[in-house]
Amino acid sequence: MSGRVTVATCSLAGCFGCHMSFLDLDERLVPLLERVAFDRSPLTDVKHCSERVDIGLVEGGLCNEENVHTLLEFRKSCRILVAVGACAINGGVPALRNRIGLQECLDTAYCHGVNAVNREIPSDPELPLLLAEVRPITDLVAVDHFLPGCPPPADAFLELVTALLEGRQPVLPPSLRRFD
Ligand code: SF4
């Protein structure tokens with residue numbers, strides 16, 4: 001891959017921690033921006049991808065119909081798709097709700113929990129329909145690379161993007177595969 005490449009990012013069911021970790025590159029983002037142009041991303045506030053994006057980074061798994069729609073559109077636009085972080089790779093923290101079932105989870109959170117205010121489950125039609133289970137993005141689309149971690153450290157992002165720019169496989173030693 002040569003020249004200035006386009007990179008898009010999106011966040012599904014996650015906590016934005018992976019995006020924050022990417023921003024931890026701090027001043028190292030400056031030379032990266034000479035080789036990379038950001039497209040759709042919470043970092044740019046651009047809501048839809050350009051016709052064709054070189055590298056797409058996905059944070060978060062699938063917990064509702066909006067996530068499904070967003071991921072399908074994102075996959076179509078991105079030549080290389082990367083699952084970033086535990087939530088995208090295996091459902092991560094949001095998938096903890098799979099253990100107790102959706103209805104029990106909603107009842108506990110909105111009706112019986114100590115912080116429940118209105119004691120009723122929100123039903124506004126504008127709210128995206130929840131999936132029965134939180135799922136990893138590999139359940140829906142093909143993924144080209146995985147960047148493990150919760151979140152992956154900034155150095156892992158740098159290695160990933162640098163490797164893809166150089167047309168090689170990313171090298172992620174154990175020190176860059178952390179979950180703390
Ligand atoms: Fe947040 Fe960890 Fe999920 Fe990234 S992998 S979105 S840091 S919970």
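Within the stretch 140-161, being open to solvent by 30 Å² or more (accessible area, probe 1.4 Å), assigned to a helix (DSSP H, G or I) and either more than 26 Å from Thr70 (Cβ to Cβ) or within 16 Å of the ligand (Cβ to nearest atom) (or both) holds for Asp155, Glu159. Just give me the residues in the stretch 50-101 being within 15 Å of the ligand (Cβ to nearest atom) and charged (D, E, K, R), in sequence order. Hits for the stretch 50-101 are Glu59, Arg97. Looking across the stretch 15-45, the residues that are free of Cβ contacts under 8 Å to residues at least 12 places away in the same chain and either open to solvent by less than 80 Å² (accessible area, probe 1.4 Å) or within 16 Å of Ala163 (Cα to Cα) (or both) come down to Leu29, Pro31, Leu33, Thr44. Among the residues making up the stretch 14-39, a single one is touching a Cys at 6+ places or on another chain (Cβ under 8 Å) and farther than 18 Å from Ala88 by Cα: Asp39. The set of residues in the stretch 58-70 being in contact (Cβ under 8 Å) with a residue 60 or more places away in the chain and open to solvent by 10 Å² or more (accessible area, probe 1.4 Å) consists of Cys63, Asn64, Glu65, Glu66, Asn67, Val68, Thr70.
Among the residues of the stretch 123-139, those that are open to solvent by 80 Å² or more (accessible area, probe 1.4 Å) and assigned to a loop (DSSP other than H, G, I, E, B) comprise Ser123, Asp124, Pro125, Glu126, Leu127, Leu129. The test for being in contact with a Ser or Thr (Cβ under 8 Å, 6 or more places away or on another chain), of a type in the set (S, T, N, Q) and open to solvent by 10 Å² or more (accessible area, probe 1.4 Å) holds for Ser77.
With the requirement that a residue be more than 16 Å from the ligand (Cβ to nearest atom), open to solvent by less than 90 Å² (accessible area, probe 1.4 Å) and either hydroxyl-bearing (Ser, Thr, Tyr) or within 19 Å of Asn67 (Cβ to Cβ) (or both), what does the stretch 1-14 give you? Steps first, answer last, please.
Here is the first cut: in the stretch 1-14, the residues more than 16 Å from the ligand (Cβ to nearest atom) are 1-8.
Next, only the ones that are open to solvent by less than 90 Å² (accessible area, probe 1.4 Å) stay: 1, 3, 5-8.
Within the stretch 1-14, Thr6, Ala8 qualify.
Of all positions in the stretch 162-180, none carries a residue that is open to solvent by 80 Å² or more (accessible area, probe 1.4 Å), touching a residue at least 12 places away in the same chain (Cβ under 8 Å), within 21 Å of Asn98 (Cα to Cα) and basic (Lys, Arg).
The values are calculated or read from the model by the stated rules, or taken from the named source; none is laboratory data. Note that the structure is predicted; figures quoted are calculated from it, not measured. Please note: Cβ atoms are built from the backbone with ideal geometry, for glycine as well, and neighbour counts cover all protein chains shown. Heavy atoms of the whole protein, side chains included, go into the accessibility calculation; ligands, DNA and RNA do not. Shrake-Rupley method; radii C 1.70, N 1.55, O 1.52, S 1.80 Å.
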